[in-house]
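S.K.: I am attaching a structure below and will ask some questions about it afterwards.
The values are calculated or read from the model by the stated rules, or taken from the named source; none is laboratory data. Here the structure is a predicted model, which is why all the values come from computation and not from measurement. We place every Cβ from the backbone using ideal geometry, glycine too, and count neighbours over all the protein chains shown.
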Amino acid sequence: MNQLSNYFPLKNKVALITGAARGMALHIACALSAAGARLAILDVREGEGRAVAGLLSSGRGKAKFWKLDVSDGAAVQRVVAAVEAHFGRIDILINSAGVDADNPYAEGLPLRQWERAMQANVGGSISCSKHVLTAMVRAGGGSIVNVLSLCCMAGERQDAADHAAKAALRMANLNAMRYASCNIRVNSIHPGLARPPALAAAKREQGDLTQELTDRAEMQMLAGKGSATDVAAAVLYLVSDASRFTSGSELVIDAGYGQPSKSA
């Protein structure tokens, strides 16, 4: 019988992570690197992205940064091809990049702002998946994880564009059925986690970034019982052999916050 520890290592796996210069995706990058994966760090923030790649390459890990705006379909195709050429394969895609729409309510949201949120949050993830799927077929399989939120699973009264975009991406799990025969799994995670404070763009030295990672590990979930590290651990499960029979699933990570209260 296989030891449980044999399921989680990602040695020789290549992971492409969008939006990995900061936030939750940064924690995910750290977790996958620690498990042995080689990383493609993708983000529009070049200074921070290069710092992250440098930090994660300082030990045994291997990471390289590519600047990418996921809303640019031609750029996505070009960068995915570059990642595959550099590492020789792509096994994992974490769709985490996106933008926030500032106005919370639909009636006050300019059409251009709505379109921007949809193009980045929906179109960007679909574009990345489209081009990575071809590489995964060549690699003999893979795992895609779409980083969404609780808002697309339960009713919310604000942030209309953000919530609509994440709800639309739930349909991306339909790829699970289409590509199952290619040994490709597609899942989503839905964290109930407060947004981390933004990094000061390109103002910190690489040594300070290590402290920033430590600070973020203390960030509390809405229920007050977890951190972004818990989300990263769930992603590690979904991209490893531990979840080899899991596809088309929506994994909620919220310490029960999103569940309706029950009267005694």
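S.K.: Could you grab the pairs with beta carbons closer than 9 Å, sequence gap of 6+ or different chains, first residue in region 60-82 and touching a residue at least 12 places away in the same chain (Cβ under 8 Å), second one part of a strand (DSSP E or B) and of a type in the set (F, W, Y)?
M.R.: Going by the 9 Å Cβ cut-off, the qualifying pairs are V79/W66; A82/W66.
S.K.: Go over the candidates G226, G256 one by one and state the one that is over 27 Å from L55 (Cβ atoms), at pLDDT 50 or above and in a loop (DSSP other than H, G, I, E, B).
M.R.: Sole residue among the options that is over 27 Å from L55 (Cβ atoms), at pLDDT 50 or above and in a loop (DSSP other than H, G, I, E, B): G256.
Yes or no, residue by residue, for (1) under 25 Å from G54 (Cα atoms); (2) at pLDDT 75 or above; (3) among the basic types (K, R); (4) part of a loop (DSSP other than H, G, I, E, B):
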position: V80; (1), (2), (3), (4): yes, yes, no, no
position: H86; (1), (2), (3), (4): yes, yes, no, no
position: D100; (1), (2), (3), (4): no, no, no, yes
position: V122; (1), (2), (3), (4): no, yes, no, no
position: H131; (1), (2), (3), (4): no, yes, no, no
position: A154; (1), (2), (3), (4): no, no, no, yes
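S.K.: Of everything in region 5-45 that's out of contact with any Leu (no Cβ under 8 Å at 6 or more places or on another chain) and free of Cβ contacts under 8 Å to residues at least 60 places away in the same chain, which residue is farthest from L93 (Cα to Cα)?
M.R.: The extreme case among them is S5.
S.K.: Among the residues of region 36-46, are any of a type in the set (K, R), assigned to a strand (DSSP E or B) and at pLDDT 90 or above? Can you show your working first?
M.R.: From region 36-46, those of a type in the set (K, R) are 38, 45; that's our starting set.
Filter once more, so that each one left must be assigned to a strand (DSSP E or B): 38.
Filter once more, keeping what is at pLDDT 90 or above: 38.
Checking region 36-46: at least one residue is of a type in the set (K, R), assigned to a strand (DSSP E or B) and at pLDDT 90 or above.
S.K.: Still on this structure, I have one more. Filter region 47-74 for residues that are hydrophobic (A, V, I, L, M, F, W, C) and part of a helix (DSSP H, G or I) and give the result.
M.R.: First pass over region 47-74, keeping only residues hydrophobic (A, V, I, L, M, F, W, C): 51-53, 55-56, 63, 65-66, 68, 70, 74.
Once the filter is applied, which keeps residues that are hydrophobic (A, V, I, L, M, F, W, C) and part of a helix (DSSP H, G or I), region 47-74 yields A51, V52, A53, L55, L56, A74.
S.K.: Where the second residue is surrounded by fewer than 15 Cβ atoms within 10 Å (Cβ to Cβ) and the first is over 16 Å from L32 (Cβ atoms) and lies in region 46-59, which pairs have Cβ atoms under 6 Å and are six or more apart or on separate chains?
M.R.: Filtered contacts from region 46-59: G47/A202; A51/Q206; G54/Q206.
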